[in-house]
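Below is one structure, written out as structure tokens, with a few remarks after it.
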Amino acid sequence: MKRSRSKKRRKVQVPVASMGDIAFLLIIFFLLLSEFAKDKDLPIALPESEQVEKTEAVVVARVAIDSSGDIYFDGDRVDNAKDVEWGIRALLTRTVSDNQRHVQFKCDARLPRETFEPVLKAIAEAGGIIEAVGEKP
């Protein structure tokens, strides 16, 4: 009498409970690191200059002023330059190097100096490094 020896298969259980957590972490990671234009629909005519250069710095915030003088911080309208200053201060609390302090600034070319100067001052006082956006003629 021959006994058949069959190998017992061990069932390996794959832990799937943490798969949802991993998926959401990946989604959040890519949302935070994605570069999409938050203020594409703002009516801004960029100033022209021969000295415009493309930079490779990581931008921590985006500030824009449209043709009517409305101020936008990361795509959301704010009331004044002080709101921009406090928003940038909050973002820059954990920065350690200058590479983490770049703030992109867009302004309509037709605006008077009195309109955009307080916003530039607010960015500088908050500790941001201003990167003005323009076009080559």
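The values are calculated or read from the model by the stated rules, or taken from the named source; none is laboratory data. From a predicted model like this one, the values you see are computed outputs, not experimental measurements. So basically every Cβ, Gly included, is an ideal-geometry build from the backbone, and we count neighbours across all protein chains shown.
For this structure, a couple of remarks:
- If you go through segment 82-103 and keep only what is among the basic types (Lys, Arg) and surrounded by 20 or more Cβ atoms within 10 Å (Cβ to Cβ), you end up with just 101.
- Among the residues of segment 104-126, just one is under 14 Å from residue 62 (Cα atoms) and surrounded by fewer than 16 Cβ atoms within 10 Å (Cβ to Cβ), namely 124.
- Here residue 26 does not fit the description of being over 20 Å from residue 124 (Cβ atoms), in a helix (DSSP H, G or I) and at pLDDT below 75.
- Qualifying residue in segment 39-62 (condition: surrounded by fewer than 11 Cβ atoms within 10 Å (Cβ to Cβ), modelled with pLDDT of 75 or more and over 15 Å from residue 133 (Cα atoms)): no
- Segment 66-76, subset modelled with pLDDT under 90 and of a type outside the set (Asp, Glu), residue nearest to the chain's Cα centre (by Cα): 75
- Residue 101 closer than 15 Å to residue 60 by Cβ and either in contact with an Asp or Glu (Cβ under 9 Å, 6 or more places away or on another chain) or modelled with pLDDT under 85 (or both): no
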